[in-house]
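Q: This is the structure I want to talk about, given as structure tokens.
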Amino acid sequence: MEKDLLNQHLKLHVIVFILGFTAVLGKLISMPAMPLVWYRMLIAAVTLAGILLLTRQSVKLNWRVLLKLAGIGIIVAAHWITFFHAIKVSNISVTLSCLAATTLFTSFIEPLSQKRRISWLEVVIGIVIIGALYLIYQFETRYVEGILFSLLAALLASVFSVLNKNIAHKYDIRIIAFWEMLSGFIGISLFMLITLSPGEWQLSLSWKDALWLILLGTICTAIAYAETIRVMKKLSAYVVVLVINLEPVYGIVLGYLIFGESELMTGGFYAGTAVLLLAVFTYPVLKRKLKVS
């Protein structure tokens, strides 16, 4: 049992590294956040459909389940739009660091959804993370819009993580991911049809954007997203989003290696990030020693 949990944790860290690269791709792709996510979800849905077709799996589900998955898919789409918009108006470092607020949101949302008591340790760790975010905000006021959109992305990430956790053990992971990607794509399409004229869709692609989008939609979405849901069968949503808080480490390092000085931040930013990461690493140790449920 312990070996299986260790394997799940290791798998989760690999997924988080891939997610860190997602932020880099978001900056490399020149198009705005909404059409970017439109393409991302389309490519992911087609990839998952191909996998399901090759394995001869039926995607049929009860209409009530489909409605739930459609709702989650739209939340995922909204999360990615706010996430990539935050990167566009700030940078990778700020966006990924603020996304760690997902932990605090999950410490309240998950217990409420599962009708269990809120863990005082999870709340304390969440408050420490908010303190770290305050440090970051205090020294990076030029990125106010990016910080606000990152926090909104964090709230949406918490909601869909908890909802996926509650449904993950009931159905095949790839079928769940397929319907969520497809519904997110349809949701964005309908939103653009209602709010934008055909000339405002901005869906034209350069060959570089096409290449990055294929990588983003396949490995960084179809595969990584499905595997994240699979890990949730073994680990709590809180633990999953806690480890995902390591995404800033991978993303910031990758961002600096690729984009150079544009990703360098103030000392206060790095102090806040250090506190954030300390909270992430401390939580499982404290939980084990204090025997907190």
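Q: Restricted to region 202-218, and to residues that are over 15 Å from residue 45 (Cβ atoms), of a type outside the set (Gly, Ala, Ser) and in a helix (DSSP H, G or I), which residue is nearest to the chain's Cα centre (by Cα)?
A: Result: 215.
Q: Could you please let me know if residue 25 is touching an Asp or Glu at 6+ places or on another chain (Cβ under 6 Å) and either surrounded by 22 or more Cβ atoms within 10 Å (Cβ to Cβ) or in contact (Cβ under 8 Å) with a residue 60 or more places away in the chain (or both)?
A: No; evaluated as a whole, the condition is false for this residue.
Q: Further question on the same structure: Please specify each residue of region 28-56 satisfying the condition of being exposed (fewer than 15 other Cβ atoms within 10 Å of the Cβ), touching a residue at least 60 places away in the same chain (Cβ under 8 Å) and among the small types (Gly, Ala, Ser).
A: If the condition is that a residue be exposed (fewer than 15 other Cβ atoms within 10 Å of the Cβ), touching a residue at least 60 places away in the same chain (Cβ under 8 Å) and among the small types (Gly, Ala, Ser), then 30 is the only one that fits.
Q: Would you confirm, using the coordinates I've provided, whether residue 84 is within 24 Å of residue 202 (Cα to Cα) and free of Cβ contacts under 8 Å to residues at least 60 places away in the same chain?
A: Taking the combined requirement at face value, the residue satisfies it.
Q: Using the structure shown, decide if residue 87 is over 16 Å from residue 147 (Cα atoms), touching a helix residue (DSSP H, G or I) at 6+ places or on another chain (Cβ under 7 Å) and of a type in the set (Val, Ile, Thr).
A: no
Q: Just checking, which of 25, 36, 42 is in contact with a Leu (Cβ under 6 Å, 6 or more places away or on another chain) and not charged (D, E, K, R)?
A: The match here is 25.
Q: If you scan region 55-68, which residues turn out to be within 26 Å of the chain's Cα centre (by Cα) and farther than 17 Å from residue 190 by Cα?
A: 59, 61, 64, 65, 66, 68
Q: Quick check on region 77-104: of everything there that is among the small types (Gly, Ala, Ser) and surrounded by 24 or more Cβ atoms within 10 Å (Cβ to Cβ), which residue is farthest from residue 24 (Cα to Cα)?
A: Looking at the filtered set, the residue picked out is 101.
Q: Condition check: of a type outside the set (D, E, K, R), free of Cβ contacts under 8 Å to residues at least 40 places away in the same chain and either surrounded by fewer than 16 Cβ atoms within 10 Å (Cβ to Cβ) or not in a helix (DSSP H, G or I) (or both). Does residue 59 satisfy that?
A: Considered against the rule, which asks whether it is of a type outside the set (D, E, K, R), free of Cβ contacts under 8 Å to residues at least 40 places away in the same chain and either surrounded by fewer than 16 Cβ atoms within 10 Å (Cβ to Cβ) or not in a helix (DSSP H, G or I) (or both), residue 59 comes out as no.
Here, each number is a calculation from the coordinates, and none is a lab measurement. Everything numeric in this text was worked out from a predicted model, so none of it was measured. Note that each Cβ is placed from the backbone with ideal geometry, even for glycine, and that neighbours are counted across all protein chains shown.
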